[in-house]
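Notes to accompany the following structure.
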Amino acid sequence: MKKLISIILLALTVSAQAQVEFRKISYDEALKAAKAEGKLVFIDFYTDWCAPCKGMDKFEFVKPEMGEYMNKTFVPLKINAEKEGKELASQFRLDGYPTFIVVDPDKGERLRSVGYKDSKEFIKFFSDKLDDNKTPERLRQRYEAGERSLEIVTLYANSLKEKPFTTMEEHNENIAAADDVIQEYFTQLSDSDRFKNENMFIYWDYSKYPEQPSTRFIVDNMNRFIPQMRIGLQQLINKIYNDNLLLYLGGKRKFNDADYQYFKQNVANLAIDKQHLFDNAYGFIEQYAKGDLNAYIDYCGNNYAKLTEDQQHVLFNDYANMVKRGDSATKKHAEQFLRKALPNIDIRSMYYATMQIMKLEGKKE
């Protein structure tokens, strides 16, 4: 009987040690403990009504690997953001739940993450982000020094995508830089490596433009992928070409004649536009590329009704930006076109056109 009790107590002890040990102490006490133990403070901000919070407690924080990582690395706290932790939560300006925040003993925020993560994703995210050898600056240095492992390349690309920005133009440049990193990595892969599961993310996450090496590879080697992947990859190619038509139409893609001609050629060769819905959009793209804004505005006035509704939405969505390099007379011309089109377009395009008229008039939305 004593032996059985000992076994039960040992099992309970092992079980308790295996999961995350959230300490029942205050935030200030946790900071002192972290300093004494050489650790960081981990705060799990939750609410009573938050389903993902409950899921983390029930399925993730109880896992042995989570307990081992968390208890070794952090002084873990659970704080109800709407009860005892309301004031602290307001200081951290939370955007959702659960919010996980890591702070150093001097109250400096090191990292935060919002939402449910499974144990594998959770541990990788926090260990990578808190590794001094994997900071954005260190990753840049390692990449520029020639490191090209899959881990370094993906971490560096992700750091570029997450880089702080002040304008959308700056953000788009960061995204483009991340794309370039991945595409450069792809070009260095052997033919056989391009079919490995570990590299499939390049197709799904970083193939966005027809002329990119990874997109070209899919098109040229579709039949070499396993049958289970071909349907998804064909849908991806169709999406890439449809998205790029709208990017060209809305002026979101810088026009390069060689890339554009390759795009048009493949639309025909791959039978992407079987209903010939692209044909009318080509006229707008090519007229805009000529650089004569007044001629382009006249073309829009004479032909916008030929576009599909989705294409009209793109045309009207950012029209003021399309003509922003024009003089005041050109902008007035654009405003007149938009006003004339208003009675003849659907409610969504009407909203976009109205916003663009306000911009052209110098009014705030």
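Read the figures in this text as sums done on the coordinates, not as results from a lab. Predicted, not measured: the structure shown is a model, and the values here were computed from it. Because the Cβ atoms are built from the backbone with ideal geometry, glycine has one as well, and the counts that use them run over all protein chains shown.
Within the chain, antiparallel bridges make up roughly 60 percent of the DSSP beta bridges whose residues both belong there. Any chance you could give the angle, 0 to 90 degrees and rounded to 10, that helix 293-303 forms with the longest Cα principal axis of the chain? Rounded to the nearest ten degrees, it is 90. Measuring nothing but alpha carbons in the chain and taking Rh as the Kirkwood radius, the Rg to Rh ratio lands at 1.09.
Taking the Cα centre of the range 317-365 as reference, the dipole from Cβ charges on Lys and Arg (+1) and Asp and Glu (-1) amounts to some 120 debye.
Straightening the chain between Asn221 and Glu37 buys 60.7 nm, computed as 0.36 nm per residue apart minus the Cα-Cα spacing. Mean projected area of the convex hull spanned by the Cα atoms of the range 131-188, taken over all viewing directions: 3.9 nm².
For the cross-link pairs Lys58/Lys78; Lys54/Lys86; Lys252/Lys324; Lys78/Lys163; Lys58/Lys117, the ones whose C-alpha atoms lie over 23 Å apart are Lys78/Lys163. Put in line by how crowded their Cβ is, counting other Cβ atoms within 10 Å and starting with the fewest, Leu342, Leu360 read Leu342, Leu360. Each Lys and Arg Cβ is given +1 and each Asp and Glu Cβ -1; about its Cα centre, the range 64-120 then shows a dipole of about 60 debye. Think of it as helices only: each DSSP H run of n ≥ 4 in the chain is worth -39500 (n - 2.57), and spread over all residues that comes to -18500 deg cm²/dmol at 222 nm.
Taking the charge dipole of the chain about its Cα centre, with +1 at Lys and Arg Cβ atoms and -1 at Asp and Glu Cβ atoms, the residue from Met70, Ala157, Asn256 reaching farthest to the positive side is Met70. The angle between the Cα long axis of helix 64-73 and the main principal axis of the chain comes to about 80°, on a 0 to 90 degree scale. Exposure proxy ranking for Asp205, Asp57, based on other Cβ atoms within 10 angstrom of each Cβ and starting from the fewest, stands as Asp205, Asp57. Among the cysteines of the chain, Cys300 have no other cysteine beta carbon within less than 4.7 Å of their own. To the nearest ten degrees, helix 119-129 and the longest principal axis of the Cα atoms of the chain are 80 degrees apart. Model label sites at Asn321 and Ser149, defined 7 Å from Cα along the beta-carbon direction, differ in position by 3.9 nm.
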